[in-house]
Amino acid sequence: MAVAQAPLQAARQPLDVGELNAGQAQPQQASPLIDIPILVHAYEQKALKSEDVIYVRRVEASYGNVHSIFMVCDGHQGAGAANHCVENMPGLLGQLLPRGVPDWSDTGNVVEYAEQVRRAVSTAAVLLDNEWTRMVESGAANVQETAGTTMTLAVVSGWLLTVANTGDSNAIIDCGDNVQEITFSHRIQVNKNEQNRLRQAGAQLAPLGFHLQGPAKPQEMGVGPLRMWPGGLCVSRSIGDLDAGPLIVPLPHVRQVLLTRQRALRLIMASDGLWDLMSFR
């Protein structure tokens with residue numbers, strides 16, 4: 001189970017880090033840029049199979065270095081794909097994200113900037129998956145061929161929050177009096193749109209059979225959540241998972257929010273090890 005928290009607050013109004021329950025809370029110093037939110041982050045991780053990976057890069061904003069990155073990857077069949085994401089995503093984003101921040105008073109400028117960030121995170125996710133495929137197919141050393149991972153990525157660019165996710169490591173925004181999910185879960189069991197996409201493409205969807213060796217037979221209740229076969233994945237989007245075939249895609253869902261200057265917000269990102277045991281509601 002991996003959990004990352006990133007509270008966001010207006011500049012010159014320091015957040016009380018004592019309100020955070022998870023360890024290693026570290027307040028950021030005053031930003032060298034005017035009108036940039038102060039970030040505080042904390043994270044907690046309990047290793048069971050050591051397949052969850054957290055990445056944090058919180059920056060003190062300067063021209064060309066304005067994007068703070070928070071990432072949770074929940075690996076399966078080994079941690080290889082999850083480690084691949086955290087080792088390579090920052091470099092890809094460094095090449096693809098725009099430099100600087102927009103004029104926040106210019107709506108057109110902000111919309112254009114947000115679209116550039118959206119394209120950057122989507123492109124980076126696909127490039128990550130393409131590179132993993134190339135490594136597996138070339139027989140690169142120490143690559144776990146069947147490994148895959150969810151990926152939930154948050155990029156804070158000034159007052160713009162961008163969250164992209166593949167898989168079911170979900171994220172929520174806590175406004176104090178209201179909590180909203182900002183990710184789009186790709187767990188097949190709960191996502192009717194993804195079920196329809198997979199079925200229309202000819203995929204077999206079924207829970208694990210009682211024999212635990214493949215899909216449940218027709219009319220058999222089966223064990224656990226709905227899965228896609230071949231591969232037996234319970235998510236419809238991920239990085240890696242080459243054995244599941246081309247219907248498992250790396251393209252993330254992306255949502256963006258303009259942060260408010262009047263109040264602090266808290267973003268909580270976690271793998272399903274947390275959300276399977278508790279509801280954010």
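Assorted remarks:
- Put simply, of Gln195, Gln200 the only residue that is closer than 25 Å to Asp129 by Cβ, surrounded by 12 or more Cβ atoms within 10 Å (Cβ to Cβ) and polar (S, T, N, Q) is Gln195.
- Matching residues in the range 206-225 - criterion: being open to solvent by less than 30 Å² (accessible area, probe 1.4 Å) and either acidic (Asp, Glu) or closer than 16 Å to Lys192 by Cα (or both): Ala206, Pro207
Residue-wise test of (1) surrounded by fewer than 15 Cβ atoms within 10 Å (Cβ to Cβ); (2) touching a Lys or Arg at 6+ places or on another chain (Cβ under 8 Å); (3) part of a helix (DSSP H, G or I); (4) of a type outside the set (Lys, Arg).
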{"residue": "Ile69", "(1), (2), (3), (4)": "no, yes, no, yes"}
{"residue": "Gly75", "(1), (2), (3), (4)": "no, no, no, yes"}
{"residue": "Leu92", "(1), (2), (3), (4)": "no, no, yes, yes"}
{"residue": "Pro102", "(1), (2), (3), (4)": "no, no, no, yes"}
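- The range 117-126, subset without any contact (Cβ under 8 Å) to a residue 40 or more places away in the chain and open to solvent by less than 70 Å² (accessible area, probe 1.4 Å), residue farthest from Val66 (Cα to Cα): Thr123
A quick yes/no check of all residues on (1) of a type in the set (Ser, Thr, Tyr); (2) in contact with an Asp or Glu (Cβ under 6 Å, 6 or more places away or on another chain):
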residue: Asn178; (1), (2): no, no
residue: Asn193; (1), (2): no, no
residue: Ala206; (1), (2): no, no
residue: Trp229; (1), (2): no, no
residue: Val235; (1), (2): no, yes
residue: Asp241; (1), (2): no, no
residue: Thr260; (1), (2): yes, no
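- Leading residue by the ranking (surrounded by the fewest Cβ atoms within 10 Å (Cβ to Cβ)) among those in the range 77-90 that are aliphatic (A, V, I, L, M) and within 23 Å of His41 (Cα to Cα): Val86
- Residues of the range 250-281 satisfying the condition of being open to solvent by 40 Å² or more (accessible area, probe 1.4 Å), part of a strand (DSSP E or B) and out of contact with any helix residue (DSSP H, G or I) (no Cβ under 6 Å at 6 or more places or on another chain): His253, Arg255, Val257, Leu258, Arg266
- Selection status of Gly231, of a type in the set (Gly, Ala, Ser) and either open to solvent by 60 Å² or more (accessible area, probe 1.4 Å) or assigned to a strand (DSSP E or B) (or both): no
For every residue, the table says whether it meets (1) touching a helix residue (DSSP H, G or I) at 6+ places or on another chain (Cβ under 7 Å); (2) farther than 22 Å from Leu259 by Cβ; (3) in contact (Cβ under 8 Å) with a residue 24 or more places away in the chain.
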site	(1), (2), (3)
Leu128	yes, yes, yes
Thr133	yes, yes, yes
Val155	yes, no, yes
Glu181	no, no, yes
Val190	no, yes, no
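- The set of residues in the range 82-118 that are within 15 Å of the chain's Cα centre (by Cα) and charged (D, E, K, R) comprises Glu87, Arg118.
The values are calculated or read from the model by the stated rules, or taken from the named source; none is laboratory data. Fair warning: this is a prediction, and the values are worked out from it, not measured in the lab. No Cβ is skipped: glycine too gets one built from the backbone with ideal geometry, and neighbour counts run over all protein chains shown. Just the protein is used for accessible areas: all its heavy atoms, side chains included, with ligands, DNA and RNA removed. Shrake-Rupley method; radii C 1.70, N 1.55, O 1.52, S 1.80 Å.
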